[in-house]
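Remarks on the structure that follows.
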Amino acid sequence: NTQTKEQAGTREEKFMRGHAPIPAKVAGECMKNGVFFLQMVSTLLFAPPLSITEQQINEALDVVDKALEVSDKEVVK
């Protein structure tokens, strides 16, 4: 703050302001449908087992595609 000379916060805090809920909401929607992510600030990490089938990958991507509609709605606001 330029008037009080108070620091604005860490780089992570500045970045997360107003943005952190979106990845968490997308990950939450995926989890409701059986696809689990490790969520970090603005990144979703997905590590499927090596034994995953092509059909399972396609099903997971369908879930992710549908969950990304949440972020589309948030960004449009």
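The values are calculated or read from the model by the stated rules, or taken from the named source; none is laboratory data. Keep in mind the model is a prediction, meaning the values are calculated, not measured.
Structural remarks
- In the stretch 2-43, residue modelled with the lowest pLDDT [restricted to those that are under 8 Å from the mean Cα position of the chain (by Cα) and part of a strand (DSSP E or B)]: Met40
- Note on the stretch 57-73: residues that are under 14 Å from the mean Cα position of the chain (by Cα) and polar (S, T, N, Q) total 1.
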